[in-house]
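Q: First the structure, which I've put down as structure tokens, then a few questions once you've had a look.
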Amino acid sequence: MPGEIPIEKMWTEYAPIYRALFSDRDFEGQMNYLVSVADISSGSRVLELFAGPAFHGRVLLDQGFEVTSLDQSSWMRDIALVPSDRYIVAKLPLGLNAIAANEKFDACLALFFSLPFLEDIEVESLIRVIKEQLKPGGRILLELHEMRAPLAHPETTEIGSLGRKHVGLISGHLGTAVFESQVVEHKNGYAYVVNIIDVNTVHDHLRFVSRERVYTVQDIETLAAHIGGLRFECIPTNPELFPDALLVLLTKM
């Protein structure tokens, strides 16, 4: 059994594995849905945070949007699907300072369950700074874990396995990934989702582990009210496009 590798390393030296593992999502369908329900006009300026390989940014560029992608990993920029001059490498939330104060956006995306890797104070700081980067009426779209059932029954910790998938890595070598389990942990009044991803390639056997803070819809609603100047709404979720997710829309007033 290989040693456990923090999921953060999948964002750096194992970035090609990350890109291969998650490239099978319907990103075009996701963006078509979000653009429609959030009423984002064609050609709008969009900021893609926690961009990774910029799956969503690529779709938006192809549809005529003006996109800026941002992620803390230079490895991700190296394999990104958007031009490098539209990709900023900086750690959030402070990394937003790398964007000029007068550069305003119509919408901001924080998808792929990205917020759980930030602490409370960082999430608040992030949303405050995003708000300042938005034009009046600008929108923030957040993807949160759908954890209402496990949180209602804290004695239940095992959520289940997400199954096995075959992937073609960027190097051309086929690999197999097993999303072994999802477990909810309760600690110090907070809930965390622990994911285990077992990856086999022709060269390696790797075991990645992530531990992600669960932010609920109520958490974000409370935070938006505390920050002020943001209208909160929980928008309908399409489970085929966004499995195990809840979608939140914050609009700058």
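Q: Going Cα to Cα from Lys91, which lysines come in below 18 Å? Please leave out same-chain ones fewer than 8 positions away.
A: Lys9, Lys131
Q: Aspartates and glutamates within cross-link reach of Lys187: Cα-Cα under 17 Å, excluding same-chain residues under 8 positions apart?
A: Within the straight-line cut-off, Lys187 pairs with Glu119, Asp120, Glu155, Glu158, Glu212, Asp219.
Q: In addition: Figure the gain on full extension for Met253 and Ile121 (residue separation times 0.36 nm, minus the Cα-Cα span) and round it to one decimal in nm.
A: 45.3 nm
Q: Something else: Using the Kirkwood radius built from alpha carbon pairs, what does the Stokes-Einstein equation give as D for the chain at 25 °C and 0.890 mPa s, in µm² per second?
A: Translational diffusion coefficient: 130 µm²/s.
Q: Residue separation times 0.36 nm, minus the C-alpha to C-alpha distance between His205 and Cys234: what's the value?
A: Working it through step by step, the gained length comes to 6.5 nm.
Q: Could I ask something else about it? Nearest 500 deg cm²/dmol is fine: what mean residue ellipticity at 222 nm does the chain get from its DSSP H runs of n ≥ 4 alone, each adding -39,500 (n - 2.57), divided by its residue count?
A: Only helices count here, giving -7000 deg cm²/dmol.
Q: Still on this structure: Take each of the peptides 69-75, 195-201, average the number of other beta-carbon atoms within 10 Å over its residues, and list them starting from the highest.
A: Highest mean packing first, the order is 69-75, 195-201.
Q: Report the Cα centroid-to-centroid distance between the stretch 198-236 and the stretch 86-150 in angstrom, as an integer.
A: 12 Å
Q: Please compute the contact order of the chain in relative form: average sequence separation of alpha-carbon pairs under 8 Å and at least six residues apart, divided by the residue count, as a percent.
A: This gives 18 percent for the chain.
Q: Treat every Asp and Glu Cβ in the chain as -1 and every Lys and Arg Cβ as +1, leave all other atoms uncharged, and give the resulting dipole magnitude about the Cα centre to the nearest 20 debye.
A: Dipole size: approximately 440 debye.
Every read-out reported here was derived from the displayed coordinates using simple, explicitly stated rules and does not represent laboratory data. Everything numeric in this text was worked out from a predicted model, so none of it was measured. Every residue, glycine among them, receives a Cβ derived from its backbone with ideal geometry; neighbour counts consider all protein chains shown.
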